[in-house]
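The values are calculated or read from the model by the stated rules, or taken from the named source; none is laboratory data. These numbers come from a predicted model, not from an experiment. Neighbour counts are summed over all protein chains in view; Cβ atoms, including those assigned to glycine, are modelled from backbone coordinates with ideal geometry. Accessible surface is based on the protein model in full, side chains and every heavy atom, while ligands, DNA and RNA are left aside. Shrake-Rupley method; radii C 1.70, N 1.55, O 1.52, S 1.80 Å.
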Protein chains: 2
Amino acid sequence: MLKNAKITGNFWQNFMELIRTQVVPYQWEALNDRVENAEPSYCMHNFHVAGGKKQGKHGGLVFQDSDLAKWLEAVAYVLEWHHDPLLEQIADTAIDDIVAAQQPDGYLNTYYILNGLEKRFTNLKDNHELYCLGHFLEAAVAYYRTTGKDKLLKALVKYVDLVDSLIGAEDGKIHGYPGHQELELALIKLYEITKDKKHLNLAKYFVDERGKTPLFFAEESEKNGNHNHWQHSVFQYGYYQANQPVREQQTAVGHSVRALYMYSGMADVAQQTADKSLMQACLRLWKDVTTRQMYITGGVGSSEYGESFTFGYDLPNDTVYAETCASIALAFFARRMFEYDGYKSEYTDVLEQTLYNGIISGMATDGKSFFYVNPLEVVPKASEKNQLKHHVKSRRQKWFGCACCPPNLARIVSSLANYAYTQNGDTLYINLFAESEVKTQLNSGNLAFNITTDYPWDGTISIEILESTPQAVLAVRKPGWCDKFSVIVNEKTCENPMQNGYLLFENLEKGDKIVITLQMSVLLIEANANVRENIGKVAVMRGPIVYCLEETDNGADLHQIFLEKNADFSLFSLNHDKNFFGGATLLESPAKKLENDNSKLYQKAQSYKFSDINTKWIPYYLWANREEGEMLCWVHSL
Amino acid sequence: MLKNAKITGNFWQNFMELIRTQVVPYQWEALNDRVENAEPSYCMHNFHVAGGKKQGKHGGLVFQDSDLAKWLEAVAYVLEWHHDPLLEQIADTAIDDIVAAQQPDGYLNTYYILNGLEKRFTNLKDNHELYCLGHFLEAAVAYYRTTGKDKLLKALVKYVDLVDSLIGAEDGKIHGYPGHQELELALIKLYEITKDKKHLNLAKYFVDERGKTPLFFAEESEKNGNHNHWQHSVFQYGYYQANQPVREQQTAVGHSVRALYMYSGMADVAQQTADKSLMQACLRLWKDVTTRQMYITGGVGSSEYGESFTFGYDLPNDTVYAETCASIALAFFARRMFEYDGYKSEYTDVLEQTLYNGIISGMATDGKSFFYVNPLEVVPKASEKNQLKHHVKSRRQKWFGCACCPPNLARIVSSLANYAYTQNGDTLYINLFAESEVKTQLNSGNLAFNITTDYPWDGTISIEILESTPQAVLAVRKPGWCDKFSVIVNEKTCENPMQNGYLLFENLEKGDKIVITLQMSVLLIEANANVRENIGKVAVMRGPIVYCLEETDNGADLHQIFLEKNADFSLFSLNHDKNFFGGATLLESPAKKLENDNSKLYQKAQSYKFSDINTKWIPYYLWANREEGEMLCWVHSL
């Protein structure tokens, strides 16, 4: 991770400021039950009661603690780029409250502290204790990295020691693993700081043990009266990715966030232990997710039932789930695979795709309301009257009883620089394009540069080298969506070498000016013919941005609109509107609309009659910020 | 109803014989828990225990009694066209067992007799007492009409008296109505025999009271601890069609079988009481169902959730429900609207459409397995791996724990002559075309004729008049699917007058020979452009038969097949295969199949590349009688 990469303007800075000024303060109020007309969180309440500050009972869900953890992690990232002593003080106090609740043996989970410690670790499958520990570990590591303060980290290490003494391969220990994966990847983050093999080994144990026969979850279930919510579903233990050992898993199944957190943890363990068969599984699962089970928005997990993956090419646009958290988890997995599998742009292409579309669509432009579900086709009437689509909301909601998505959005957006830049030896990878100031220490010395860009609206990326070493290499991603580009270094056109989808710049000197221009055409995209729902349809993209139609611009019955697939793409006209929610490039295009002057439900097939219309397209992530209405990504084509 | 209309051969006789020789005996074994490897029904067991024949507890669902009722009704119809003293004796014994269970005050429901009579009529919303009574009434009326035996009928009249004394508008009575409608239409059948106004009035009360404020179901729910399964669904009380008074209901909502039984009962009451506003509601709901919420197969109720209607034009082919029972209920409603609204073919067209497709698709060709759900698009992998489609089975099942569909199929198919022919004064309507012998008494005297036809495979219908009166009118439906037809009477071409879609034949004399030839072209059908799922697709019909593609004939990935919409329909070749499940006309046609040589999930849109293929089409109702595989009705068109 780069300590000194700072996003300084334009697109991503806007989002980061939304997180800092809206989401983080709002969530703190929510965690303290001070938001009017919102379900109480009980999160801080639970810690106060568990720590003896006040009397009361545990409130909220079994994983309520994790909301605080994700908030703390986001705060740590924010503090890295925005000095804010008051926020840091609030965080310190929260950490005091957390640590005050810790039990003498290290245990730290308010649900069991308040509901009876004798039941702890008896339902790993469903009760999220290890999941909460994972999130606290991530927060503690982030907070330590930013502030140097280790109070929470030390407390968590003690808790990990306790877990390690109770769960593991040895006789007398519970041979279990987390019901909701998360601790695996968190333990690796801890290990990177502590270098304590015990932490690595515990993560490896969880990964290795999962799905082995006899199945721990089945045995635990039996002890708990055979309560298995998914018993009569298509999942069985696949919901938890525990249907078979992880190395044998061929396709992504079950709850998508669990799956992608697990794949991230698997990749971490594989990398740390040079485990080839585990890395093979990661490569296979990455391929399945991104080439067979991913929406064009980077949304994953197509089914609301169990918030789950289903099977290859099953990507309905209207009954879709595509949870914001699942796309965020995909970004986690993508970053790891990029780092562990040779720095290939196929990983960072997906990272970009999901960030600009399926992730940020989760938040309203004012940072005050959120989507769990990110559909590609919405008809408000269908959401209202058809239970299968009832989860597909046409308005973002203020906050959720199960508030996983907003704080998850907060932590990924506030740490965007960690995704934009990757350092490896003397090479600095530029994965995402954002106005920034970067100063980092390579093996050979300092590298510093500024980036000026209005990406994703404009394809020009200007890099000014402020400091470099002779050995430094700057590797700039050539996006997969881009066919044509030009490179000018110090006003001279260059043909730079390319490696794994990255343009390489070497022999950099102070004062060098690199201008990369990515040609940003509007592209009509087709889906693989195995995607039943998208046969005869196209989606519209420009750069990394997926576009959509909204009823407010185009009238109702968007499904009756046809685009001419073979028409010159210049039929799209661009209009950069500075007033459109902080500025966005909008598209306009002539199109055809099916005339429907027949009231019969079925009739002899005729040639379709069309009217000429003009369509207006907005970036997908901006949908549902105006009047309620239909929305559509995949339109019929002629 | 015609006493002497007998189906004597070909298409429908095959189905009727299946019902007689397979379904009726099999169901009797099932009702007596003598089917190996099937869930026990407990149905006769419950009656034997309730009647004191043996000791035990109640088994099965709260509406288990109704299975016996539907079986008895089917037996009554079978006995009308097939002399079978042994079957009649079994039915008599069953009736003895039913009556033996009746309580001194007339009450007759084994669930409450065995679980505590003090709880009877305390949960009309969910516990199906009045529903079971309705089915027993229908059985009793049918059995009385066929055999003249009134033992069951008398017992039921006593039970109705009890219900009438406990439920109704008067103070001190329960101001309730059935949670599952059925008794309304049954009471009218009873009234037609008894002419007792009390029976009509009770039906009218149920219809009038439903959905009125304050809502009975809400009050009852409160008394029962607010148990309302649909409280957090899109339905609320709309599941029971109790969301508003029936006369105010604008669209079909909620559980589709309940809805259509109710509409049938409403039509009966409206007819008997000359209630115009009630008939207006029936006309409105008929229109909504058949012009906005019906699959081309005559399937209705598009959502598995609550087995329900959703809203206009919401007709997904793959997550579909379209329960066999709902199509049967639609046929009930159609017959009534035909009789009460001026004998128009728009009603009998729908009757034919659903009978030849969505109803008989419910049964395998050997009469031994059944579909609840009748999809228009099936991918076995999707049913296996996507919970949203888990209810869509690719194989018919032997019998169901909730065995509503098989006996419902038995009762409609075994009484087919009652749908084929309708008598009104001196007019005899021929609604459906089946090889038959008909002899009936009109106002003016006897009318007798034979029909010879190989319909639906051949459009020629030959009618030979055996006896007639000068006043007799034969009205023969000109199907809506038929544009061209010819009429030859005694070898002379005629242009007969047409009324409400029926060809009229007057001045009939013994020996007259009428030959009607309906031109049976293969038609490509398009759906209304408001049906999102069918944009750019066509369905294939010939006569009343909807055709489909099966994987076993056409390979996998049926969704990649395209038909040329504008091509001459003669691109279809017909092949009447006598060996194909009792004989069926199959279709073949050239088509295009999308080439999919790209492994990318998304790419720049290209012109589609196609291969030329030959497609083979089978009648929809015959699908899933061979190897398991994909099936598709609506195919893409060019």
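Data for the structure
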| read-out | value |
| --- | --- |
| Output for the range A:258-275, where each listed residue is open to solvent by less than 10 Å² (accessible area, probe 1.4 Å) and in contact with an Asp or Glu (Cβ under 9 Å, 6 or more places away or on another chain) | A:Y261, A:M262, A:S264, A:G265, A:M266, A:A267, A:D268, A:V269 |
| Pair list, Cβ < 7 Å and 6+ apart or interchain, from the range B:44-61 residues that are within 13 Å of B:N32 (Cβ to Cβ) to residues that are assigned to a loop (DSSP other than H, G, I, E, B) and of a type in the set (K, R) | B:H48/B:K54 |
| Where A:E435 falls short, out of the listed (1) crowded, with 23+ Cβ neighbours inside 10 Å; (2) at pLDDT 95 or above | (1) |
| Unmet requirement for B:S361, which otherwise passes all of (1) more than 22 Å from B:I296 (Cβ to Cβ); (2) crowded, with 24+ Cβ neighbours inside 10 Å | (1) |
| Any pair with Cβ under 7 angstrom, 6 or more apart, that starts in the range A:82-99 at a residue that is in contact (Cβ under 8 Å) with a residue 24 or more places away in the chain and ends at one that is assigned to a loop (DSSP other than H, G, I, E, B) and surrounded by 16 or more Cβ atoms within 10 Å (Cβ to Cβ) | A:D97/A:G51 |
| Whichever residue in the range B:459-472 is in contact with a strand residue (DSSP E or B) (Cβ under 8 Å, 6 or more places away or on another chain) and open to solvent by 20 Å² or more (accessible area, probe 1.4 Å) and, among such residues, is nearest to B:T585 (Cα to Cα) | B:T460 |
| Test for B:L558: is it within 14 Å of chain A (Cβ to nearest Cβ), farther than 21 Å from A:L638 by Cβ and touching a residue at least 24 places away in the same chain (Cβ under 8 Å) | yes |
| Matching residues in the range A:222-236 - criterion: being more than 10 Å from every other protein chain (Cβ to nearest Cβ), in contact with an Asp or Glu (Cβ under 8 Å, 6 or more places away or on another chain) and either of a type in the set (A, V, I, L, M) or open to solvent by less than 90 Å² (accessible area, probe 1.4 Å) (or both) | none |
| Hits in the range B:307-323 - residues which are at positive phi and either open to solvent by less than 10 Å² (accessible area, probe 1.4 Å) or out of contact with any helix residue (DSSP H, G or I) (no Cβ under 9 Å at 6 or more places or on another chain) (or both) | B:A322 |
| Residue, most open to solvent (accessible area, probe 1.4 Å), within the range A:237-257, restricted to residues that are out of contact with any strand residue (DSSP E or B) (no Cβ under 9 Å at 6 or more places or on another chain) and in a loop (DSSP other than H, G, I, E, B) | A:Q250 |
| Within the range A:561-583, considering residues that are touching a helix residue (DSSP H, G or I) at 6+ places or on another chain (Cβ under 9 Å) and within 14 Å of chain B (Cβ to nearest Cβ), the one surrounded by the fewest Cβ atoms within 10 Å (Cβ to Cβ) | A:E564 |
| A:T552, sole failed condition from (1) more than 30 Å from A:L351 (Cβ to Cβ); (2) within 14 Å of chain B (Cβ to nearest Cβ) | (2) |
| Pick from the range B:519-538, criterion surrounded by 22 or more Cβ atoms within 10 Å (Cβ to Cβ) and more than 26 Å from A:C633 (Cα to Cα), ranking: nearest to the other protein chains (Cβ to nearest Cβ) | B:L524 |
| Within the range B:600-616, considering residues that are surrounded by 15 or more Cβ atoms within 10 Å (Cβ to Cβ) and more than 15 Å from A:W634 (Cα to Cα), the one nearest to the other protein chains (Cβ to nearest Cβ) | B:Y608 |
| Residue list for the range B:1-19, restricted to those being among the β-branched types (V, I, T) and open to solvent by 20 Å² or more (accessible area, probe 1.4 Å) | B:T8 |
| Which numbered condition B:S394 misses (of (1) buried (at least 18 other Cβ atoms within 10 Å of the Cβ); (2) under 20 Å from the mean Cα position of the chain (by Cα)) | (2) |
| So B:T291, is it open to solvent by 10 Å² or more (accessible area, probe 1.4 Å) and in contact (Cβ under 8 Å) with a residue 60 or more places away in the chain | no |
| Total residues in the range B:355-377, condition of a type in the set (S, T, Y) and either over 23 Å from B:R335 (Cα atoms) or part of a loop (DSSP other than H, G, I, E, B) (or both) | 3 |
| Scope the range B:479-490; condition over 28 Å from the mean Cα position of the chain (by Cα) and assigned to a loop (DSSP other than H, G, I, E, B); matching residues | B:K484, B:N490 |
| Residue satisfying all of: in the range A:539-560; of a type in the set (G, A, S) and more than 21 Å from B:N598 (Cβ to Cβ); surrounded by the fewest Cβ atoms within 10 Å (Cβ to Cβ) among these | A:A556 |
| Among (1) open to solvent by less than 10 Å² (accessible area, probe 1.4 Å); (2) free of Cβ contacts under 8 Å to residues at least 40 places away in the same chain, the one test that A:Q280 misses | (1) |
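This table checks each residue for (1) open to solvent by 10 Å² or more (accessible area, probe 1.4 Å); (2) not polar (S, T, N, Q).
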residue: A:T21; (1), (2): yes, no
residue: A:P25; (1), (2): yes, yes
residue: A:L31; (1), (2): no, yes
residue: A:P40; (1), (2): yes, yes
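Each row is one residue, and each column tells you yes or no for (1) more than 15 Å from the chain's Cα centre (by Cα); (2) of a type in the set (A, V, I, L, M, F, W, C).
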position	(1), (2)
B:K276	yes, no
B:L283	yes, yes
B:D288	yes, no
B:S303	yes, no
B:T310	yes, no
B:N317	yes, no
B:V320	yes, yes
B:R335	no, no
B:Y340	yes, no
